[in-house]
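Single-structure report; data block below.
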Amino acid sequence: MADALLTLSGVVAGYGPVTVLDRLDLQVRTGDRLAVIGRNGVGKTTMLRAVMGLASMRAGTIRFDGRDLARLQPHERAHLGIGYVPQTRDVFPSLTVEENLVAGLKGRPRSAVEEAYALFPRLAERRRNGGMQLSGGEQQMLSVARALLGQPRLLLLDEPLEGLAPLIRGELLVAFRRIQGMTVVIVEQQVQEALGYADRAVVLERGTVAHEDDATALANDHATLERLVGVAVH
Ligand SMILES: Nc1ncnc2c1ncn2[C@@H]1O[C@H](COP(=O)(O)OP(=O)(O)O)[C@@H](O)[C@H]1O
Ligand SMILES: [Mg+2]
């Protein structure tokens, strides 16, 4: 078994007096593609935010590559190699596509933006367009591409397929599959698409892991999906 790249142990976190993550344990091994699913409000986004240092933790530890992240600011965690694509799609509306990409280079040569265009040809066509003029799908591509240009060792994706048409979701999934060797945690409500992409899956319920399985096995485990996610399975 490969080493754990990310380990959450007994994580308790929330907002003000509200506890959202309740003794959450989770391991992500190097090279894993982990899908995190679960009903609305169970704490999926909060879990990713805790990893980035954006949610206040009351107990537990989060380790990345063996290192305790507790004292590190969000930008320091990013610097260690954690790429985060928030649910809100992180695009600067007043900058062009290319300027948005340059903002993700972290000191790499400007020519590296071509990697983003190779992965998302739609962005190449839009390189001089403003962030504001992009469709939802293009914004999501830009948000993912910018995170990738920083060459993260771990990529956290929060509902990257949300609100997008099936065709665009398909394009994003094709691109995700082309990202080789990356360790990815993908939070999704598009359960079957996420399970088709991932190799392992966990289901969160009330801020903790209620179920864990091979992604293909869970995709076929309709009873568990209905019980814990409430999806109508087809
Ligand atoms: N900024 C916030 N302030 C207070 N409560 C929040 C905040 N963000 C999320 N919550 C609450 O925390 C719970 C978990 O939210 P979240 O992690 O966003 O769930 P999920 O991503 O699984 O839908 C929900 O009950 C939500 O209302
Ligand atoms: Mg969420």
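Derivation of every value follows stated rules applied to the coordinates shown; laboratory data play no part. Keep in mind that what you see is a predicted model, and the values were worked out from it rather than measured. Cβ: placed from backbone, ideal geometry, glycine included. Neighbour counts: every protein chain shown.
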note = Listed with the fewest Cβ neighbours within 10 Å leading, TYR117, TYR15, TYR197 appear as TYR15, TYR117, TYR197
request  = Identify which of GLY14, GLY66, GLY81 has the largest mean-square fluctuation in a Gaussian network model of the chain, with springs joining Cα atoms closer than 10 Å.
outcome  = GLY66
key: Over the chain: helical MRE at 222 nm, DSSP H runs n ≥ 4 each giving -39500 (n - 2.57), nearest 500   = -9000 deg cm²/dmol
ask   = By the scheme Lys and Arg +1, Asp and Glu -1, what is the net charge of all other residues having a beta-carbon under 13 Å from that of MET52?
value = -1
request  = Go through MET52, VAL18, ALA217 and say which Cα lies farthest out towards the positive end of the charge dipole of the stretch 4-228; charges sit on Cβ, +1 for Lys and Arg, -1 for Asp and Glu.
outcome  = MET52
Net dipole in debye of the chain [+1 Lys, Arg Cβ; -1 Asp, Glu Cβ; about Cα centre; nearest 20] = 620
request  = Could you work out the Kirkwood radius for the stretch 149-209, taking every pair of different alpha carbons, averaging 1/r and inverting it, reported in Å?
outcome  = 12.6
note = Once the dipole of the stretch 101-234 is set up from charges on Cβ (+1 Lys and Arg, -1 Asp and Glu), the residue from the list LEU228, SER143, LEU164 lying farthest towards its positive end is SER143
message = Below 8 Å between Cα atoms, with a sequence gap of 6+, how large is the relative contact order for the chain in percent?
response = 26
remark   = Exposure proxy check on GLU188, GLU125: fewest-to-most Cβ neighbours within 10 Å is GLU125, GLU188
remark   = Treating only Lys and Arg (+1) and Asp and Glu (-1) as charged, each at its beta carbon, one finds that the stretch 125-203 has a dipole about its Cα centre, in Debye to the nearest 20, of 380
message = From the gyration tensor of the Cα coordinates in the chain, what semi-axes in whole Å does the equivalent ellipsoid have, largest first, with each one equal to sqrt(5λ)?
response = 28, 21, 16
